[in-house]
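One structure below.
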Amino acid sequence: MTTQRYALALGDDALILAQRLGEWVARAPELEEDVALANIALDLLGQARTLLTYAGELEGAGRDEDALAYWRDDRDFRNVLLVELPNGDFAVTMARQLVFAAYQYELYDRLRGSADETVAAVAGKAVKEVHYHRDHATQWVLRLGDGTDESRRRMVAGLETVWPYVDELFEPFDGADVDPTALREPWTAYVHGVLAEAGLSVPEPTASRRGGRDGLHTEHLGYLLAELQHLHRSHPGATW
Amino acid sequence: MAPTDQRTDDREAAFYAIVDSDGRIEPRDDMPEAYRRTLIRQIAQHAHSEIIGMQPEGNWISRAPSLRRKAILLAKVQDEAGHGLYLYAAAETLGVSRDQLLDLLHTRKQKYSSIFNYPTLTWADVGAIGWLVDGAAITNQVPLTRCSYGPYARAMVRICKEESFHQRQGFESLLTLTRGSAAQKAMAQDALDRWWYPSLAMFGPPDTGEQVSGGHTEQSMRWGIKRFSNDELRQRFVDMTVPQSEVLGLTIPDPDLRWNDERGHYDFTAPDYDELFRVIKGDGPCNEQRLRHRVEAHEDGAWVREAAGAYAAKQQAKRAEAAA
């Protein structure tokens with residue numbers, strides 16, 4: 001049986017990244033990317049809604065998706081730090097997308113076999129969405145890595161920005177339906193393959209940042225939540 | 001008559017034969033140069049309106065008050081980007097590129113709908129844009145599904161279906177507010193108060209009766225790229241919207257609004273056309289902000305587009321080498 005903590009962690013990952021990607025809308029480098037990034041944000045938001053609703057059911061205290069999204073403070077969010085990082089330039093966003101979508105792909109691929117029917121159903125739908133997200137990010141990492149000198153420089157910098165947040169994705173998680181440590185090997189095979197094809201080196205290992213699963217976040221999350229939550233909290237009990 | 005003139009006359013006669021029989025002009029058909037230029041301007045202005053229109057609504061994606069509303073709004077703004085794509089593609093069939101058109105937008109040589117130069121100050125503005133602005137857009141655009149230029153007419157069929165969905169979503173969002181708390185209802189009324197007259201102005205200046213303003217209506221009607229006058233469309237919009245405002249329980253900010261039995265239409269106060277012209281000329285609350293945002297997004301993305309071009313060229317060279 002899936003734990004509430006696990007459903008919440010996966011739901012928060014999807015919600016916070018959806019919020020970040022939504023910030024690109026009407027700012028993307030070309031119109032096709034406005035469409036693509038909104039589409040990815042929408043997929044993630046859909047995953048978040050199902051997972052948060054389920055986390056609320058597992059908790060059994062009557063909290064629905066909105067109660068969980070809008071009425072928790074940052075210390076109660078369980079997402080990994082990677083997804084709350086500011087978007088940076090397009091290369092930082094694509095580096096984050098590659099890292100995260102490749103992780104989510106391996107995760108959902110295995111969660112399809114979860115004994116928990118709800119989680120298995122979410123994963124069955126999400127794995128197809130995430131396959132596209134991973135492909136989208138892959139295509140851009142290749143273009144930027146093997147495009148111009150400037151794009152290559154920015155892509156290298158983008159990877160360096162997100163790399164300290166990679167280890168946290170694969171940390172052991174008590175009560176996980178799928179052991180995150182088992183995802184590292186297939187993730188590495190995929191991501192390192194993309195970097196090799198783009199002619200990019202794997203960034204040097206650095207001190208890794210962690211704590212999101214325990215509610216110890218970066219300073220960025222508070223601002224993200226302030227924006228996400230303020231209107232809802234200004235009208236307690238209202239229906240929208 | 002010189003042979004060239006004869007050919008020109010024949011071509012023009014063939015063009016008007018298609019237009020007059022309610023047929024469709026296709027990209028390879030002969031068309032008068034003025035028709036082509038007018039269509040480019042009209043389709044480009046429509047495309048620009050879609051992409052600038054993403055900003056006022058996109059303004060609320062991060063703050064949408066429920067996850068369901070956030071999803072609906074994201075999908076809506078995504079549709080607008082999609083509409084921009086089909087419309088630029090329709091314009092490209094007339095021999096211009098999207099890059100050229102964007103450049104004309106960025107250098108203020110082409111316009112977008114002046115409605116998007118008003119700010120979205122509260123969440124209810126998102127609903128009001130869906131209900132009123134999309135409602136006005138549909139009123140304007142449904143007749144264009146039968147316009148004489150095939151690629152534009154076909155783009156409009158798909159766009160109108162999606163816009164009609166957006167309009168219902170906007171109405172439903174406002175209905176939820178008006179059935180909610182006193183603060184939510186006040187928010188909805190305030191939005192209607194601010195968006196009503198700018199929405200009426202979306203149909204353009206008066207172009208019938210004594211007020212004909214020297215616009216393009218008559219020529220565009222002759223070419224089958226405008227089917228009804230601005231005033232007819234504005235009236236149609238008012239007649240459709242007043243009963244909807246009653247369902248919402250909101251008051252349209254016009255003390256002279258009333259049903260006229262004799263005309264079979266609502267009488268209403270015209271919007272302030274001086275204000276419309278001021279906003280079109282650049283003096284609206286958000287003109288500078290909208291254009292600056294668009295130009296910045298474009299400039300910030302230049303290195304990405306260059307990289308994509310360089311990568312594509314390298315890939316092509318590799319394929320050519322492999323084939324050699």
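Each reported figure results from applying straightforward, stated rules to the coordinates on display, with no laboratory input. Computed from a predicted model, the values in this text were never measured in an experiment. Note that we place each Cβ from the backbone using ideal geometry, even for glycine, and neighbour counts take in every protein chain shown.
Convex hull volume of the Cα atoms of the stretch A:95-215, normalised per residue: 101 Å³.
Counted residue by residue at 0.36 nm each, then reduced by the alpha carbon distance between them, the extension gain from B:D190 to B:R168 reaches 6.0 nm. The shape of the stretch A:68-115 comes out oblate: with a ≥ b ≥ c from the C-alpha gyration tensor, a/c is at least 1.5 while a/b does not beat b/c. Mind running the shape call on the stretch B:7-284? Use the C-alpha gyration tensor, a ≥ b ≥ c as the square roots of the eigenvalues: rounded below 1.5 for a/c, prolate if a/b tops b/c, oblate otherwise. Prolate, since a/c reaches 1.5 and a/b exceeds b/c. Comparing A:Y223, A:Y132, A:Y190 in a Gaussian network model of chain A (Cα springs below 10 Å), the most mobile by mean-square fluctuation is A:Y223. About its Cα centre, the protein assembly as shown has a charge dipole of approximately 380 debye under the convention of +1 per Lys or Arg Cβ and -1 per Asp or Glu Cβ, with nothing else charged. Note on B:R222 and B:R28: the extension gain reaches 67.8 nm, defined as 0.36 nm multiplied by sequence separation minus the Cα-Cα distance.
In chain A, helices alone account for a calculated mean residue ellipticity at 222 nm of -21000 deg cm²/dmol, with every DSSP H run of four or more residues adding -39,500 (n - 2.57). For chain A, the longest principal axis of the Cα atoms and the long axis of helix A:90-111 meet at an angle of about 60 degrees.
Listed by chain and number, the lysines whose C-alpha is less than 22 Å from the C-alpha of B:K161, apart from same-chain residues fewer than 8 away, are B:K70, B:K76, B:K226. Using R0 = 60 Å, the C-beta based FRET efficiency linking B:A17 and A:T239 works out to 0.55. Based on the Cβ-Cβ distance of A:T188 and B:Q244, what FRET efficiency does E = 1/(1 + (r/R0)^6) give at R0 = 51 Å, to the nearest 0.05? Approximately 0.35, to the nearest 0.05.
Computed over all pairs of different Cα atoms, the Kirkwood value for the hydrodynamic radius of the stretch A:3-234 is 17.8 Å.
Summing Lys and Arg as +1 and Asp and Glu as -1 over all other residues whose Cβ lies under 9 Å from the Cβ of A:L85 gives a net charge of +1. Using a Gaussian network model of chain A in which every pair of alpha carbons under 10 angstrom is joined by a spring, one finds that among A:L216, A:L31, A:L224 the greatest mean-square fluctuation is at A:L31.
Below 8 Å between Cα atoms, with a sequence gap of 6+, how large is the relative contact order for chain A in percent? Answer for chain A is 25 percent. The shape of the protein assembly as shown comes out oblate: with a ≥ b ≥ c from the C-alpha gyration tensor, a/c is at least 1.5 while a/b does not beat b/c. Quotient of the Cα radius of gyration of the stretch B:108-211 and 2.2 N^0.38 Å, N being its number of residues: 1.22. Across the options B:P243, A:L200, B:Q55, the greatest Cα extent toward the positive end of the charge dipole of the protein assembly as shown (unit charges at beta carbon of Lys, Arg, Asp, Glu) belongs to A:L200. Each other residue within a Cβ distance under 13 Å of B:E26 adds +1 if Lys or Arg and -1 if Asp or Glu, for a net charge of +2.
One quarter of the surface of the convex hull around the alpha-carbon atoms of the stretch A:174-240 equals 8.6 nm², the direction-averaged projected area. With chain A treated as a Gaussian network of Cα nodes joined by springs under 10 Å, which of A:H217, A:H136, A:H192 yields the largest mean-square fluctuation? Looking only at A:H217, A:H136, A:H192, the largest GNM fluctuation is found for A:H192.
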